[in-house]
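Worksheet: the structure to be examined is printed underneath.
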Amino acid sequence: VVDIYRARRYVEPAALAAGSPLHPAVTAMRESVDLGETSLEARDWRTVGTANMAFHDAIVALADSPRLERLFRDIAAELRLAFLEIDNPEALHAPFVTRNRALLEIFLEQGGPAAAEELRGYLILSEQTVLGAFTRLRRG
């Protein structure tokens, strides 16, 4: 998990920092945020998780690099396997639905560098959330 997030912290903020709000991937970002919000209301945690990963896929797509996209798909697959071990998908996914919306708005209103800085903090929180869930599993 630590290495997965280490890789994410290199790839995602760099793609966001260099990305343009006019890039076609922004449409996918918007759609995934909307889907995450709708799924949160329905308490459909599987779809919330899927929407979240689609949001991060779209962030990486801003880099226009098929290699980075393949790398991120591999990272995301490993992360999904880790998520399967956690028995509380609401705690795992719910806090990040609103953070995705906020991150998208920062990107659109303030630009890539500001959004990349926000994403760095987001990824640290996400890593801590996943590691905390694993710690609770081991104690339980």
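General observations
- Residue separation of residue 102 and residue 47 scaled by 0.36 nm, minus their Cα-Cα distance, works out to 17.9 nm of gained length.
- Histogram of C-alpha separations across the chain, 5 Å bin width, %: 2, 11, 21, 24, 22, 13, 5, 2, 1, 0
- For the chain, the relative contact order comes to 38 percent (Cα pairs under 8 Å, sequence separation of at least 6).
- Each Lys and Arg adds +1 at its Cβ and each Asp and Glu adds -1 at its Cβ; summed about the Cα centre, segment 16-93 shows a dipole of about 240 debye.
- Helix axis angle, 89-110 relative to the chain longest principal axis, alpha carbon, degrees: 10
- Protein heavy-atom surface of segment 1-91, 1.4 angstrom probe: 53% of the accessible area is carbon and sulfur, with nucleic acids and ligands not counted.
- Charge context of residue 110, other residues only, Cβ under 12 angstrom, K/R +1, D/E -1: -4
- Label-zone membership for segment 113-135, site residue 85, 7 angstrom Cα→C-beta point, backbone N under 17 Å: 126-135
- Trypsin sites (Lys or Arg not before Pro) lying in DSSP loop within segment 14-66, provided at most 16 other Cβ fall within 10 Å: 43
- Efficiency of FRET from Cβ geometry, residue 139 and residue 67, R₀ 30 Å, rounded to 0.05: 0.15
- For segment 1-63: rounded, prolate or oblate by the Cα gyration tensor [a/c cutoff 1.5]: oblate
- Local electrostatic count at residue 15 - Lys and Arg +1, Asp and Glu -1, tallied over other residues with Cβ under 10 Å: -3
- Sequence-distant residues sharing a close amide H with residue 88 (under 5 Å, placed H): none
- Think of a 1.4 Å ball rolled over the protein heavy atoms: the chain then has 54 Å² of accessible area per residue.
- Here the chain is assigned +1 on the Cβ of each Lys and Arg and -1 on the Cβ of each Asp and Glu. Its dipole about the Cα centre then comes out at about 460 debye.
- Rounded to the nearest 10 degrees, the angle from helix 112-139 to the longest Cα principal axis of the chain is 10 degrees.
- Neighbour cut-off at most 12 other Cβ (10 Å), DSSP loop, GluC sites (Glu not before Pro), segment 40-140: 85
- Charge tally in the Cβ shell below 9 Å around residue 4, where Lys, Arg are +1 and Asp, Glu are -1, residue 4 excluded: -1
- Extreme residue, positive dipole direction of segment 7-140, given options 18, 103, 119 (C-beta unit charges): 119
The values are calculated or read from the model by the stated rules, or taken from the named source; none is laboratory data. Fair warning: this is a prediction, and the values are worked out from it, not measured in the lab. A quick note on method: Cβ atoms are made from the backbone with ideal geometry, for glycine too, and the neighbour counts reach across all protein chains shown. What goes into the accessible areas is simple: the full protein's heavy atoms, side chains included, and nothing from ligands, DNA or RNA. Shrake-Rupley method; radii C 1.70, N 1.55, O 1.52, S 1.80 Å.
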